[in-house]
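What follows is a single structure, written as structure tokens, with notes after it.
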Amino acid sequence: MTTIQTVIDSPLGELLLTGETSAHGTTLTSLSMPDHPALGAGPRHDDPAFAEAARQLSAYFAGHLTRFQLPLAAEGTEFQQRVWQALDEIPYGTTTTYGVLAGRLGVPRGEVRAVGAAIGANPLLLVRPCHRVIGADGSMRGYAGGVERKVRLLTHEGALQPMLG
């Protein structure tokens, strides 16, 4: 397998896509934002390999796509994988809280922070919708792409009302 990367423009700024290529195509392993980990030395750039991911991201930002259908292969612990799978089940246009998500996973109330840490380690921002998890009081908790982008994503999805400026 070969690691490849590309940068695409979006309404949130540049998105860095990282993937692995094989005989079966490209598997997305990471999607990060400008002030998230930057391009590393080594992996080659390959825009055509990410054509489907770019198409789906464009459709999402245009309001035509509510669920991504991409081959994903993010590396993480078994617990992180369970949390990330639970993120995939949060419907477009809705939010949930860390506590509710922990409850769905059978995580004891005293260990909700472990769920938050797993969410924070999600390498597939936007595609795996960690931005849909908020504080129990409705506050916008941390987001690796920045809280401002989290608010923009939730507003785009209709989970938050637009702010009048």
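The values are calculated or read from the model by the stated rules, or taken from the named source; none is laboratory data. Because the structure is a prediction, the values reported are computed rather than measured. Note that we place each Cβ from the backbone using ideal geometry, even for glycine, and neighbour counts take in every protein chain shown. Keep in mind that these areas ignore ligands, DNA and RNA; they rest on the heavy atoms of the full protein, side chains included. Shrake-Rupley method; radii C 1.70, N 1.55, O 1.52, S 1.80 Å.
Structure data summary
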{"read-out": "Cα-centre dipole for the chain with unit charges at Cβ (Lys and Arg positive, Asp and Glu negative), debye to 20", "value": "460"}
{"read-out": "Cα coordinate range in the chain, projected on the principal axes (Å, largest first)", "value": "43, 42, 26"}
{"read-out": "Mean Cα-pair separation over length for the chain, i.e. relative contact order, pairs under 8 Å, 6 or more apart, %", "value": "21"}
{"read-out": "Per residue accessible area of the chain, 1.4 Å probe, in Å²", "value": "53"}
{"read-out": "Sulfur and carbon atoms: percent of accessible area, the chain [1.4 Å]", "value": "53"}
{"read-out": "E75/E148 FRET efficiency (R0 35 Å; Cβ-Cβ; nearest 0.05)", "value": "0.80"}
